[in-house]
1. Quick one: in the range A:46-57, which of the residues that are more than 9 Å from chain B (Cβ to nearest Cβ) and not small (Gly, Ala, Ser) is nearest to the chain's Cα centre (by Cα)?
2. Just need a number here: residues in the range B:61-82 that are open to solvent by less than 90 Å² (accessible area, probe 1.4 Å) and either farther than 18 Å from residue B:124 by Cβ or without any contact (Cβ under 8 Å) to a residue 24 or more places away in the chain (or both).
3. Please name all residue pairs, on different chains or six or more residues apart, with Cβ atoms under 8 Å, provided the first residue is in the range A:45-70 and is more than 25 Å from residue A:235 (Cα to Cα) and open to solvent by less than 20 Å² (accessible area, probe 1.4 Å) and the second residue is outside any loop (DSSP other than H, G, I, E, B) and acidic (Asp, Glu).
4. Give the residues of the range A:19-44 that are at pLDDT below 95, surrounded by 16 or more Cβ atoms within 10 Å (Cβ to Cβ) and either aliphatic (A, V, I, L, M) or not in a loop (DSSP other than H, G, I, E, B) (or both), sorted by residue number.
5. Filter the range B:42-57 for residues that are open to solvent by 20 Å² or more (accessible area, probe 1.4 Å) and either hydroxyl-bearing (Ser, Thr, Tyr) or out of contact with any Phe, Trp or Tyr (no Cβ under 9 Å at 6 or more places or on another chain) (or both); which is farthest from residue B:102 (Cα to Cα)?
6. Given the structure, is residue B:228 open to solvent by 30 Å² or more (accessible area, probe 1.4 Å), within 10 Å of chain A (Cβ to nearest Cβ) and over 25 Å from residue B:118 (Cβ atoms)?
7. Quick one: would you say residue A:331 is in contact with a helix residue (DSSP H, G or I) (Cβ under 9 Å, 6 or more places away or on another chain) and modelled with pLDDT of 95 or more?
8. With the structure loaded, tell me whether residue B:203 is within 14 Å of another protein chain (Cβ to nearest Cβ) and touching a helix residue (DSSP H, G or I) at 6+ places or on another chain (Cβ under 8 Å) or whether it fails that test.
Amino acid sequence: MTELTRVLSACGLVMALTAAAAQAPAQSPAAAAAPYHVPRTSFGDPDLQGLWTNASITTLERPAWLAKPVLTPEEAVKAEAQYKKWLSDNDKTADAPESEKGDPGGYNSFWLDPGTKFGVVRGEIRTSWIVDPPNGHIPYSAAGGRDAMATGMRQFRDFSGPEVRSLGERCIVGYGSTGGPPMLNVLYNNNYQIVQSPGYVVIVVEMNHDARIIRLGGQHPPDSIRPWMGDSVGHWEGDTLVVETTNLNPGQRFTADVRHRIYLAPNSKVTERFTRVSDHDILYEFKVEEPTAYTQTWRGEIPMHATKGPMYEYACHEGNYSLPGILAGARAEEKTAALAAAGGPK
Amino acid sequence: MNRSLAKTALAVLALAGVLWNAAPAHAAAPAPWRPPHLPDGHPDLNGVWQVLNTANFDILPHMAKAAMALRAGPNGPVPDKPVLALGAVGAVPAGLGVVDGGEIPYKPEALAKKQENQAHWLERDPEIKCYLPGVPRATYMPYPLQIFQSRSALLIAYEYAGGVRNILFADPGPAPVDSWMGQSVGHWEGDTLVVTVTGQNDSTWFDRAGDFHSDQLTVVERYTPTGPGTLRYEALITDPEVFTRPWTMHMTLYRRVGEDARLQQFKCVEFVEELMYGNLRKEPLK
């Protein structure tokens, strides 16, 4: 038995797609009897420590090109090949046709590390992390949808100064809710280190070297204290770490990856559940509650897999050439436009 | 006579009593303080710690002065224009320094560069731009740090700029790439945590006084519990590009307790946007 098949047999919850495809016949309900014993820290807490990744092709919301909530192994293999092709087709070379030279595009695929597989949760190959509502989409209310759209559009169109740019461009927190909550996979650096000590669980998010310090027990601070990534208080329910986050920073209410956008209403309560289901897998569940921006509580499930180090220092701000470049670019465009309006440079 | 005899007798008895009572204490001389240990046997360094010194202003002995940025006045230095409005808030508190021997053994050309750094403090100090502080400066920034320690890991999180250091206990060899906080490899020597830091880039400083290093820097830190609320912190600095010999600094880290024992967030990147990018606004502020 491969390690992955063992995991599948032991817990029946999370497995890697490769195992699903290659070892599917070995999957038998009878083998699911032995429960996984979560290791303990020296001070007795369930041990979640180590380096983990949530890199995957699966995204927060179900994309249009994948109509079904769950893929068969054959469909997944085909879709993964298609995804790989899209990534490489995106690469532009220095000798690009003249028509494309004004647009440098994004990173070449060499610089991306989004994952190569769909996420497998509870034995299913998922096409979205959101499982509730079943359509795989954030259930925005009319008001929530309006603010999501307005905030998002401002980030796409307004280059008047640093504060209106995205948190990722500003190097305040990693983009696309990589640091969460909820912690979502993005195009690269999907790595997390969990360290525990008596009374604490810390999640170091690679982007941008952010330590989410989760106190076990205690109260949230006054409403006026609204840190980046909110304020997180945790407790154990059996072997599961349950983390409740409130006091979210209003500046963090909209964030985007190329593949997803998330609007997190500032008064949301985000509840995350971390359950180690094998030596190599954590099942990460989250739900978001806020009565005005959403029509219902929405929930998602994401597998996190053990990964190897080292986790590099993502010193974003220290090397931020992008933000001054973006602002200077906007100023140059305005200058060109003003010259054109005045008759154009001769 | 009788009375004095009685007095003497009482005095002797009293003295004997004192000696009697004192004797057991002498027999078992006060045991040296032993730090609490985690179940895995290493001293428990978990907690929120902070220095109570002025090393971040200047690691060398210094008197209080009006400002870090000064310019010549008619009767001696006065605060430079950009910091003048801060008044006493911008002044520098005194300190006896943290460098053993009170001297940093700069090579002559390096000393000249330090002095130049001092003269250009506002443009050059990486702290002003909210850059990661490097080691050892991270330890004595005027913000707390928190140690998270388990059997398998030891992480230091710093309030300033959200810096983090993961202490490795298996040496992976040379750092794959230089970084702001470097690569930290630790081991225990008795009750002392010893951390060797390599792979730091040349962009961090030791303090606001322009003390600097190159990318050849190696820092060997020693964290030793000295009481329930204190850690002795020592750092051995080696950098053959900049210094003529290795040198050391030491100081005390104090444990924050009760409601103070919590890291707040000081992600200062957003606080320096006007300084760094204000000139690129569509309408720069007047």
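The values are calculated or read from the model by the stated rules, or taken from the named source; none is laboratory data. Note that this is a predicted model, so its numbers are computed, not measured. Glycine gets a Cβ as well: all are built from the backbone with ideal geometry, and neighbour counts include every protein chain shown. Heavy atoms of the whole protein, side chains included, go into the accessibility calculation; ligands, DNA and RNA do not. Shrake-Rupley method; radii C 1.70, N 1.55, O 1.52, S 1.80 Å.
1. Here the residue is A:54.
2. Of the residues in that region, 10 qualify.
3. A:57/A:80
4. A:19, A:20, A:21, A:23
5. B:44
6. no
7. yes
8. Criteria met by residue B:203.
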